[in-house]
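The values are calculated or read from the model by the stated rules, or taken from the named source; none is laboratory data. Keep in mind the model is a prediction, meaning the values are calculated, not measured. Cβ placement follows ideal geometry from the backbone for every residue including glycine, while neighbour counts extend to all protein chains displayed. For accessibility, only protein heavy atoms count, side chains too; no ligands or nucleic acids. Shrake-Rupley method; radii C 1.70, N 1.55, O 1.52, S 1.80 Å.
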Amino acid sequence: CFTGHTDGVTSVDMSLDGSIIVSGSRDKAVRVWNVANKKCRLIKGHTDGVNAVCLSANEKSIFSGSNDETVKMWDVSSGELM
């Protein structure tokens with residue numbers, strides 16, 4: 001079980017090898033989960049709930065869509081906005 005979001009989870013994506021899970025939530029956050037140790041990185045930057053997340057094909061970027069009417073691109077390694 002992966003816990004951490006403080007409101008409903010609205011979107012989930014997984015890396016091809018199953019080692020990374022990305023989730024988006026109504027709590028305005030994106031989380032990047034390491035499946036092996038269940039640790040996560042919290043990514044904040046949206047001002048409203050996140051309703052879509054997607055890992056890029058090379059698994060180096062995360063795209064998130066929000067009710068704040070933005071789509072953002074994040075670096076998987078650092079969690080920084082690109």
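The orientation-averaged shadow of the Cα convex hull for the chain, equal to a quarter of the hull surface, comes to 4.8 nm².
Placing unit charges on the Cβ atoms of the charged side chains and taking the dipole of the stretch 1-73 about its Cα centre, the candidate lying farthest along the positive direction among VAL35, HIS46, VAL22 is VAL35. Close amide-amide hydrogen proximity is noted between SER11 and GLY24, each under 5 Å apart and 5 or more residues distant or on a separate chain (H modeled in the peptide plane; Pro and chain starts excluded). When all protein chains stay in place and ligands, DNA and RNA are ignored, the 1.4 Å accessible-area order of MET82, MET73, largest first, is MET82, MET73. Label separation (LEU81 vs PHE2): 2.3 nm, computed from points 7 Å beyond Cα along the C-beta direction. Close amide H pairs (under 5 Å, H built 1.01 Å from N) link ALA52 with GLY65, residues at least 5 positions away or on another chain.
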